[in-house]
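To start, the structure itself, in structure tokens.
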Amino acid sequence: MAVKHHPTGVVHKGTKGGKTGCGVDTKKHSDHWVSTHEKITCKKCKN
């Protein structure tokens, strides 16, 4: 699953309401995050 950060447009590995693959807490400013099936674009999450 992936989540997209609306302000930046970056797609991260992870789920809304949890943490991304690079350690960002999606519970903080939860309105900035949306679940998506888009390709992951975060370089840290890809590794």
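The values are calculated or read from the model by the stated rules, or taken from the named source; none is laboratory data. All values derive from a computational prediction rather than experimental measurement. Quick reminder, even Gly has a Cβ in these numbers, built from the backbone with ideal geometry, and neighbours come from all protein chains shown. These area figures cover heavy atoms from the full protein model, side chains too; ligands, DNA and RNA do not enter into them. Shrake-Rupley method; radii C 1.70, N 1.55, O 1.52, S 1.80 Å.
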task: Please give the per residue accessible area of the chain, computed with a probe of 1.4 Å over protein heavy atoms only, in Å².
output: 70
field: Fraction in percent of alpha-carbon pairs per bin - 10 Å, the chain
entry: 34, 62, 4
task: Would you work out what percent of the accessible area of the chain, with all protein chains in place, is carbon or sulfur (probe 1.4 Å)?
output: 52
message: Treating only the Cβ of Lys, Arg, Asp and Glu as charged (+1, +1, -1, -1), what charge dipole size does the chain show about its Cα centre? Round to the nearest 20 debye.
response: 200
